[in-house]
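Working notes, structure below.
What follows is calculated from the coordinates using simple rules that are stated; it is not laboratory data. If you're wondering where the values come from, they're calculated on a predicted model, not measured in any experiment. Note that each Cβ is placed from the backbone with ideal geometry, even for glycine, and that neighbours are counted across all protein chains shown.
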Amino acid sequence: MTRPVFPNIQWSGEGPRILGINPWIFDFAAFNVWSRPVGLLACLDMLRAAGASVALMDCLDRTWSDVPWPKAGKYGTGHYPKEELPLPDELFFMDRRYSRYGLPREQVKEALGALNPAPELIMVSSIMTYWYPGALDALELAAEVWPDVPRMLGGNYATLCTDHAREHARADAIMQGTMETEANWASVWNVLGQPVPPLPENAGLGLALDLYSEPRYAPILGSRGCPFTCDYCASHALYPNFTQGSPDAVYASIRQEYDRGVRDFAFYDDALLVTPDRWLWPVLDRIVHDGLDLRLHTPNAMHVRRLNKEVCGRLREAGLHTVRLGLETTDFDNRHDVKLTRREWEDGARNLLEAGFDLDDIGVYILFGLPNQNLDNVEQAIDHVRAFGFRPHLAHYTPIPGSPMFHKAVAASPHPIADEPLFQNNSIWPCVPGGFNWEDAQRWKQLMQGR
Ligand code: B12
Ligand code: SF4
């Protein structure tokens, strides 16, 4: 039987051919919350704008008509197909199934093999440090299909666990940091044997979203980095500055996807509500002015203290649906993040309700599993959030190299989390005494549901 051609894998643009691969997720659980490999899409966009021809293989995208895909969830979110894998040796103690999430490996291989002409450079991205086995496998697969084509690995794993990646990845180059740095930019073109072109305008903020042939949702990226420094976050290690894009470019990207039928858009910004006049308000005003009937989502939490009446009203009017808030804890005197007083939290929560948001669409993240955390505080925070009628979500703490708190996590964890990224997986509860167990997991689940 001949398989349908993978519609995604087509060359776009003129010039040297660069294939981007977004690898599978290897984990105990994975749920698609409007996920896109935005870093890789930014790389491909700037390379194409500078004269390359690009193509994308996203192992997490539902592109192939004959791959059975679990039924879509709310607003385009949903489960991935998965295939159970043996537990990695390091995680032998876990009583949970470990899987490869995304397209079946053999079909990815087949689709890559059908790409004609072959790429001249392969770029593999990595999002979570502890998903690195997926990135290593994608590099392996690329080497099986095109043994002589150079392979580069970049993204968060390559940036935050560089030594580990150098030791384990079958790549010709491991790139640390963003692709827009002078050195990284030059090395991509050097590998291709091409003169180094100037960086295109909007580099790092433009996204090659058109590489998805049938998108169900799209990311919005209006800024990079964050002006704050919360202890548990790696934002500064990944991007030390705070850069905001132009409203025209952001709106053009939304409009392009809207005109292709996309109605669900997720913000990927770290600091969405900081100086919103720069790009967010102008973009939302145009959405309203042009009558775009879309749904906006903020899966990455918004800063509650900025949710005054005007902000809530504007977000609501433009079509914000899924609201995620970062409460982190109700122990307001001992926070690890952006300052937030009880008063600010309560005002923000009330303003959202008064603006008419649906309670079902408001979720509040509470941090669970910080080093030396008193878990009674987590219970109190859950009760507090439920008292407002909001849904509490436990955000399981992930110890991330480069985050200010990482050394505390190293000291608190029984695992060598600095040496082996698999132990950074929040599913193992790396800094909770005793680690993950089903009994406690069930208890927390019941608490969240108010039982
Ligand atoms: C948006 C976002 C999300 C979204 C969507 C993520 C997705 N794509 O699926 C949502 C809200 C769903 C999410 C969820 C989570 N996230 Co998140 N997320 C982010 C965020 C804010 C932005 C990522 C992004 O797209 N940035 C924009 C792009 C343009 O930047 P970039 O990826 O760095 O790409 C550049 C470079 O890396 C490089 N590059 C990238 N690829 C390549 C490839 C090559 C070859 C080269 C040369 C260069 C290169 O060039 C790019 C352009 O400059 C980051 C924080 C951050 N500032 O990065 C956290 C972050 C990635 N998330 C993080 C975490 C912990 C989580 C959660 C586990 C949180 C939780 N406790 O539940 C969950 C788990 C996700 C899951 N199971 O699906 C951590 C990562 C931890 C880790 N160990 O790696 C981060 C870093 C935040 C933090 N706390 O510090 N997340
Ligand atoms: S947690 Fe959010 S506010 Fe804090 S530094 Fe990270 S991105 Fe910024």
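Using modelled backbone amide H atoms (1.01 Å from N, in-plane), which distant-in-sequence or interchain residues come within less than 5 Å of Val364's amide H?
Leu325, Arg391, His393
Show me 347-359, 414-426 ranked by packing, highest mean number of other Cβ atoms within 10 Å first.
414-426, 347-359
Apply the Karplus curve 6.51 cos²θ - 1.76 cosθ + 1.60, θ = phi - 60°, to the phi angles in region 16-21 and return the couplings in whole Hz, x for Gly and Pro.
With the stated coefficients, region 16-21 comes to x, 8, 10, 9, x, 10 Hz.
Which cross-chain or sequence-distant (5 or more) residues have an amide H under 5 Å from the amide H of Leu320, H modelled 1.01 Å from N in plane?
Leu296
Local charge sum around Ala441 (other residues, Cβ-Cβ under 11 Å, Lys/Arg +1, Asp/Glu -1)?
So the surrounding residues net to 0.
How would you order 238-245, 153-160, 267-274 from highest to lowest mean count of nearby Cβ atoms within 10 Å?
153-160, 267-274, 238-245
How big is D, in µm² s⁻¹, for region 17-192 by Stokes-Einstein at 37 °C and 0.692 mPa s if Rh is the Kirkwood radius over C-alpha pairs?
Here the translational diffusion coefficient equals 196 µm²/s.
Dividing the convex hull volume of the alpha carbon atoms of region 294-451 by its residue count, what do you get in Å³ per residue?
In region 294-451, the Cα convex hull volume per residue is 125 Å³.
Kindly rank 68-77, 381-390 from highest to lowest mean number of other beta carbons found within 10 Å of each residue.
The packing order, highest mean first, is 381-390, 68-77.
Can you list residues from other chains, or at least 5 along the same chain, whose modelled amide H is less than 5 Å from the amide H of Cys59?
The answer is Asn22.
Quick one: of Lys339/Lys445; Lys339/Lys408; Lys408/Lys445; Lys74/Lys445, which pairs are farther than 25 Å apart, Cα to Cα?
Lys339/Lys445; Lys408/Lys445
Using alpha carbons only, how many angstrom separate the centre of region 123-157 from the centre of region 271-324?
Spelled out, the Cα-based centre of one part sits 35 Å from the other.
Can you list, bin by bin at 20 Å, the percent of alpha carbon pairs in the chain, starting at 0?
So the P(r) values, bin by bin, are 24, 59, 17, 0.
Please check which bits of region 28-67 a label hung off Asp248 would reach, taking the label as a point 7 Å along Cα-to-C-beta and the cut-off as backbone N under 19 Å.
46, 49-50
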